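Below: one structure, written as structure tokens.
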Amino acid sequence: MTALYIQAFCRIVIGLVFAISSFGKLRDIPKFQRAILGFRLLPRRLSRSIALFFLSGELTVVVFVTLGGPLLLSGFLLAALLLLMFSGALASVLVRRLQTNCNCFGASEKNVSTTDIWRNLGFLICAAGGCGAIFWTRNQQMNLGSIEWLLASLGALIFVLIWIQLGEIVQLFRLS
């Protein structure tokens with residue numbers, strides 16, 4: 001039964017994170033394209049295609065984890081793949097000491113930092129935990145009730161709202 005709670009929590013976390021991220025980027029796709037260029041990993045001519053590719057991937061994650069069923073595992077795996085790619089790009093920026101905006105959750109003036117990688121690691125653990133919970137519960141037919149879904153949703157929402165702001169929280173403690 002514990003695995004069902006873990007699966008529900010991870011499902012909601014991943015769905016929320018990718019919904020917030022994709023909708024934030026959809027509001028200003030040209031800014032997201034410029035952020036991709038700022039990472040200096042790809043030629044300029046590919047920036048629009050790559051931006052649309054990542055947005056499509058993020059929206060696919062949202063649809064897959066929302067619909068669940070046989071799509072849920074694919075949603076978690078795609079989320080993990082995207083998070084690994086994002087983390088690799090962030091690490092590359094840090095190693096090359098570039099000063100560029102992350103725009104991870106939409107238009108932002110905040111430069112890439114190590115806390116962005118730690119944030120992604122937390123979400124990657126959720127994606128992996130969701131995959132593990134699917135394998136752990138594959139022979140169980142028990143469903144969660146509405147109160148259990150509500151509690152999992154509240155916990156996931158609080159986690160996402162805090163974890164997305166990890167950079168600001170770390171900065172706050174550095175100033176103290």
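The values are calculated or read from the model by the stated rules, or taken from the named source; none is laboratory data. Small disclaimer: the values here were computed from a predicted structure and weren't measured. As a convention, Cβ positions derive from the backbone with ideal geometry for all residues, glycine included, and neighbour counts pool all protein chains shown.
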Which listed residue, of Ser113, Ser92, Ser146, is surrounded by 15 or more Cβ atoms within 10 Å (Cβ to Cβ), of a type in the set (Ser, Thr, Tyr) and either touching a residue at least 40 places away in the same chain (Cβ under 8 Å) or under 24 Å from Ile12 (Cβ atoms) (or both): Ser113
Any pair with Cβ under 6 angstrom, 6 or more apart, that starts in the range 13-27 at a residue that is farther than 15 Å from Leu52 by Cβ and part of a helix (DSSP H, G or I) and ends at one that is at pLDDT 95 or above and of a type in the set (Ser, Thr, Tyr): Gly15/Thr66
Answer from Arg40, Arg27, Arg45, Arg11 - the residue that is of a type in the set (Lys, Arg) and within 19 Å of Cys131 (Cβ to Cβ): Arg11
Which numbered condition Ala128 misses (of (1) within 14 Å of the chain's Cα centre (by Cα); (2) under 15 Å from Lys25 (Cβ atoms)): (2)
Any hit, the range 101-121, residues being over 22 Å from Lys31 (Cβ atoms) and within 14 Å of the chain's Cα centre (by Cα): yes
Considering residues of the range 68-81 that are in contact with a Ser or Thr (Cβ under 9 Å, 6 or more places away or on another chain) and free of Cβ contacts under 8 Å to residues at least 40 places away in the same chain only, the residue surrounded by the fewest Cβ atoms within 10 Å (Cβ to Cβ): Ser74
Counted residues, the range 95-109 - those being surrounded by 15 or more Cβ atoms within 10 Å (Cβ to Cβ) and of a type outside the set (Ser, Thr, Tyr): 7
